[in-house]
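Some notes on the structure that comes next.
The values are calculated or read from the model by the stated rules, or taken from the named source; none is laboratory data. Since the structure is predicted, the reported quantities are computational estimates derived from the model, not experimental observations. Quick reminder, even Gly has a Cβ in these numbers, built from the backbone with ideal geometry, and neighbours come from all protein chains shown. Heads up: the accessible areas ignore ligands, DNA and RNA and are worked out on the full protein's heavy atoms, side chains in. Shrake-Rupley method; radii C 1.70, N 1.55, O 1.52, S 1.80 Å.
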Amino acid sequence: ITAQDGMHVHWPTWSDDGYIYFLRTFNTVSNLDRSEIYRIDAAGGRPMEPVVETLRRAQHPMPLGGGRGLIYAANPLTEDMTLWWRSADRRQTRQIVSGVGAYAEVRASADGSALVSTLYEMRQSLMRIAANAARPTTSAITDGYHGDLDPMVSPAGDRVVFSSSRDGNRHIW
């Protein structure tokens, strides 16, 4: 793949049908920015082609042998990266796991009957800090399973505003 302005490629994976699958992104923070899955003929000659296009993230391609499709991590519906399967002809797509966290680095057994993946369970809790005490203490304001970030105390000190993905998309709460 020849260099292009701002393009980054990651996680190349060989398939048994002679292609190399990889992540393509135009940004440097791949866990936060748009990324898509492309493939290129390992023998060369043909240009790269998109396999999973999205406005969000698709990463960690794992082609299944024998033309059984592609497993990958993506977040087309929520903030969390779940695992998906796409048929080799790209006509069918199915979510195969869901939950809180981010699935990454998925790998399959030779026959495709077993998968293994890293699950990043990043907890992002809002914490209250008693900073004026001789020995500061902390206590949780939120449970940490909803991606709560960016807190700001109101001028009166009686409320907190923050961003959260607790309803599936990032909003102000």
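At most 10 other Cβ atoms within 10 Å and a DSSP loop assignment: could you name the trypsin sites (Lys or Arg not before Pro) in region 84-173 that fit? Walk me through the numbers on the way to the answer.
Numbers: sites: Arg86, Arg90, Arg91, Arg94, Arg107, Arg123, Arg128, Arg159, Arg166, Arg170; in loops: Arg90, Arg91, Arg123, Arg159, Arg166, Arg170.
Listed in order of number, the matching sites are Arg91, Arg159.
Just subtract the alpha-carbon distance of Arg94 and Ala140 from 0.36 nm times their residue separation and send over the number in nm, one decimal. Walk me through the intermediate numbers first.
Working: separation 46, 0.36 × 46 = 16.56 nm, distance 3.64 nm.
The span from Arg94 to Ala140 would gain 12.9 nm if fully extended.
Net charge within 12 Å of Gln95 by Cβ-Cβ distance, Lys/Arg positive one each and Asp/Glu negative one each, not counting Gln95 itself? Kindly include the intermediate steps, with their values, before the conclusion.
Values: positive: Arg86, Arg94; negative: Asp80.
After counting each charged neighbour, the total is +1.
Using a 1.4 angstrom probe with every protein chain in place, what is the largest-first accessible-area order of Met62, Met127? It would help to have the intermediate numbers written out before the result.
Numbers: Met62 30, Met127 95 Å².
Ranking Met62, Met127 by accessible area, largest first, yields Met127, Met62.
Spin-label point model (7 Å from Cα, Cβ direction): what's the Arg123 to Met152 distance in nm?
Placing both labels 7 Å along Cα→Cβ, they lie 2.7 nm apart.
For a quick check of understanding: with a 1.4 angstrom probe and all protein chains in place, what accessible area in square angstrom does Tyr72 have, to the nearest ten?
Looks like 10 Å² after rounding.
So how do His8, His171 rank on accessible area, 1.4 Å probe, biggest first, that is with the largest at the start? Please list the in-between numbers first.
Numbers: His8 60, His171 85 Å².
My answer, sorted largest first, is His171, His8.
When the solvent-accessible surface of protein heavy atoms is calculated with a 1.4 angstrom probe, in what order do Leu77, Leu149, Leu126, Leu115 fall, highest first?
Values: Leu77 110, Leu149 55, Leu126 10, Leu115 80 Å².
If we order Leu77, Leu149, Leu126, Leu115 from most to least accessible, we get Leu77, Leu115, Leu149, Leu126.
Taking K and R as +1 and D and E as -1, what net charge do the other residues with C-beta under 12 Å from the C-beta of Tyr19 add up to?
Neighbour charge sum, excluding Tyr19 itself: -2.
Given that just one value was derived from the coordinates, which of (i) 67, 39, 29; (ii) 60, 42, 31; (iii) 76, 33, 29 is Cα extents along the principal axes in Å?
(i)
When the accessible area of the chain is split by element with a 1.4 Å probe, what percent falls to carbon and sulfur? Walk me through the numbers on the way to the answer.
On the way: 5700 of 10710 Å².
Roughly 53 percent, rounded to a whole number.
Measuring with a 1.4 Å probe in the full set of protein chains, what accessible area per residue, in whole Å², belongs to the chain?
On the way: 10710 Å² over 173 residues.
Using a 1.4 Å probe on heavy atoms only, each residue of the chain averages 62 Å².
If you average the sequence gap of Cα pairs under 8 Å that are 6 or more apart and divide by the length of the chain, what percent do you get for the contact order?
Values: 380 pairs, mean separation 19.6, N = 173.
After rounding, I find 11 percent.
If you add up the charges near His171, with Lys and Arg at +1 and Asp and Glu at -1, over every other residue whose beta carbon is less than 14 angstrom from its beta carbon, what do you get? Walk me through the numbers on the way to the answer.
On the way: positive: Arg166, Arg170; negative: Glu79, Asp148, Asp150, Asp167.
Value of the local net charge: -2.
Mind grabbing the accessible area of Asp150 for me, 1.4 Å probe, Å², rounded to tens?
110 Å²
Can you pull out the GluC sites (Glu not before Pro) in region 66-173 whose DSSP state is coil and whose Cβ has at most 16 other Cβ atoms within 10 Å?
Working: sites: Glu79, Glu105, Glu121; in loops: Glu79, Glu121.
Hits after loop and neighbour filter: Glu121.
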